[in-house]
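Undergrad: The structure is given below, and queries will be raised subsequently.
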Amino acid sequence: MTAQQRPAGPPGRLDGRVALVTGGGSGIGRAVVDRYVAEGARVGVLERDAGRAAALTRDHGDLVTVEVGDVRAADAHAASVARTLDAFGRLDAYVANAGVYDYAASFEDMDGFRLTGAFDELFRTNVLGPMLGAHAALPALRLTGGTLIFTVSSSGLYAGGGGTLYVASKHAVIGLIRQLAHELAPEIRVNGVAPGATRTALAGLDALGSAGHRLDERLGRIARHIPLGFVSDADDHAGLYVLLADPRDSRFMTGTVLPSDGGLEVRGG
Ligand code: NAD
């Protein structure tokens, strides 16, 4: 059933609200878009993959509006915010979610040339992208007293879930959340969700030849280190993004990161 066919029932938690989600065409971002729509929101998306963009429009019709573009480019963010405002008239929640992974590439084995190329690709996507997006969204969020939400990762909190580049990038996103929460209080709340291992199509890096790698094999090995004993699906995290977008439930939260990782904090030694 598509969200357009949502049966009449109790009001959605996000009725009348508008969100913008980067990387909303796949994985965690797609699960957030689907859940937001199911909760009554209308959603703008910035997504680089045209096929995934088309699938969003096919599944959600005019409840979503999709800009095909790259989060590394400031003008793509300007265009996606403008498109969302044109379509839906306001912006209440901005979800900076698009990201890429380093597939735990060995730091020592990279020469300076590969390290620089990989850094540029990964940090421009995982750190510059969220910064540019937040910057582009702020004027509209100020009009609604809206909120910023960032997809972090358990790699923002712990070592070992990725390589040096990915782990450093996700620690940087936590720094971004904390500083923006400090700068933008009390008007704008700024929080993050830190998923652990999740079955998605998370891409690697062109610079390391890992762009087409698949997470599946890694996730099988990771599962036995997760206290709850399983690898998550993207939808397992979506409710936390609803919570953070819904001021009735999170109006006293800012500068926080909510882990959704099967209990990595309580792993044995
Ligand atoms: P995914 O590849 O399924 O989804 C990411 C989406 O972002 C894709 O549709 C992709 O096309 C898009 N995207 C990637 N780079 C882009 C760019 N430069 N411009 C525009 N769109 C771009 O992967 P996912 O696992 O859902 O990843 C979403 C976020 O979740 C990332 O920030 C990732 O670091 C984070 N995360 C993933 C896991 C996991 O195990 N899968 C765990 C923790 C955190």
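The values are calculated or read from the model by the stated rules, or taken from the named source; none is laboratory data. Predicted model only: the values in this text are computed from it and were never measured. Glycine also receives a Cβ, built like all others from the backbone with ideal geometry; neighbour counts cover every protein chain displayed. Surface areas here come from the heavy atoms of the whole protein model, side chains and all, with no ligands, DNA or RNA. Shrake-Rupley method; radii C 1.70, N 1.55, O 1.52, S 1.80 Å.
Undergrad: Filter segment 62-98 for residues that are within 9 Å of the ligand (Cβ to nearest atom) and open to solvent by 40 Å² or more (accessible area, probe 1.4 Å); which is farthest from the chain's Cα centre (by Cα)?
TA: For segment 62-98, the residue satisfying everything is Val68.
Undergrad: Condition test on Ile222, is it modelled with pLDDT of 95 or more and among the hydrophobic types (A, V, I, L, M, F, W, C)?
TA: Here the answer is no, as Ile222 does not meet what is asked.
Undergrad: If you don't mind, another one. Kindly indicate which of Leu165, Leu138 is of a type outside the set (Val, Ile, Thr), surrounded by 17 or more Cβ atoms within 10 Å (Cβ to Cβ) and in contact with a strand residue (DSSP E or B) (Cβ under 9 Å, 6 or more places away or on another chain).
TA: Among Leu165, Leu138, only Leu138 is of a type outside the set (Val, Ile, Thr), surrounded by 17 or more Cβ atoms within 10 Å (Cβ to Cβ) and in contact with a strand residue (DSSP E or B) (Cβ under 9 Å, 6 or more places away or on another chain).
Undergrad: Hey, another quick one. Counting only residues that are assigned to a loop (DSSP other than H, G, I, E, B), at pLDDT 95 or above and in contact with a helix residue (DSSP H, G or I) (Cβ under 8 Å, 6 or more places away or on another chain), which one in segment 158-196 is nearest to the ligand (Cβ to nearest atom)?
TA: Only one residue tops the list, namely Gly196.
Undergrad: So, one more: Between a residue in segment 72-95 that is under 16 Å from Thr125 (Cα atoms) and any residue that is more than 16 Å from the ligand (Cβ to nearest atom) and among the aliphatic types (A, V, I, L, M), which pairs come within a Cβ distance under 8 Å, given they are 6 or more apart or on different chains?
TA: That search, which allows pairs on different chains as well, returns Val95/Ala245.
Undergrad: Filtering segment 227-248 down to residues that are at pLDDT below 95 and open to solvent by less than 80 Å² (accessible area, probe 1.4 Å), which residue is farthest from the ligand (Cβ to nearest atom)?
TA: By that ranking, first place goes to Pro247.
Undergrad: Look at Gly117 and say whether it is open to solvent by 10 Å² or more (accessible area, probe 1.4 Å) and at pLDDT below 95.
TA: Judged against the criteria, Gly117 is not a match.
Undergrad: Moving on to the next point. Mind checking which residues of segment 249-269 are open to solvent by 40 Å² or more (accessible area, probe 1.4 Å) and either modelled with pLDDT of 95 or more or not in a loop (DSSP other than H, G, I, E, B) (or both)?
TA: Asp249, Arg251, Phe252, Met253, Thr254, Thr256, Pro259, Glu265, Val266
Undergrad: Name the single residue, out of those in segment 141-162 being in contact with a strand residue (DSSP E or B) (Cβ under 8 Å, 6 or more places away or on another chain) and of a type in the set (A, V, I, L, M, F, W, C), that is most open to solvent (accessible area, probe 1.4 Å).
TA: Leu157
Undergrad: Let me ask something else about it. All but one of (1) crowded, with 21+ Cβ neighbours inside 10 Å; (2) within 12 Å of the ligand (Cβ to nearest atom) hold for Ala201, so report the exception by its number.
TA: Every listed condition holds for Ala201 apart from (1).
Undergrad: To continue, here is another question. Could you say whether any residue in segment 40-51 is open to solvent by 10 Å² or more (accessible area, probe 1.4 Å), within 12 Å of the ligand (Cβ to nearest atom) and among the hydrophobic types (A, V, I, L, M, F, W, C)?
TA: There is at least one residue in segment 40-51 that is open to solvent by 10 Å² or more (accessible area, probe 1.4 Å), within 12 Å of the ligand (Cβ to nearest atom) and among the hydrophobic types (A, V, I, L, M, F, W, C).
Undergrad: If you don't mind, another one. Looking only at segment 220-227, decide whether some residue is small (Gly, Ala, Ser) and at negative phi.
TA: Within segment 220-227 (the criterion being small (Gly, Ala, Ser) and at negative phi), the answer is yes, since at least one residue qualifies.
Undergrad: Kindly indicate the residue of segment 25-39 that is buried (at least 24 other Cβ atoms within 10 Å of the Cβ) and either assigned to a loop (DSSP other than H, G, I, E, B) or under 9 Å from the mean Cα position of the chain (by Cα) (or both) and also farthest from the ligand (Cβ to nearest atom) among those meeting that condition.
TA: Among those residues, the one meeting the criterion is Val32.
Undergrad: Considering only residues that are away from the ligand (no atom under 13 Å from the Cβ) and either aliphatic (A, V, I, L, M) or touching a helix residue (DSSP H, G or I) at 6+ places or on another chain (Cβ under 8 Å) (or both), which ones fall in segment 208-224?
TA: Result: Leu208, single match.
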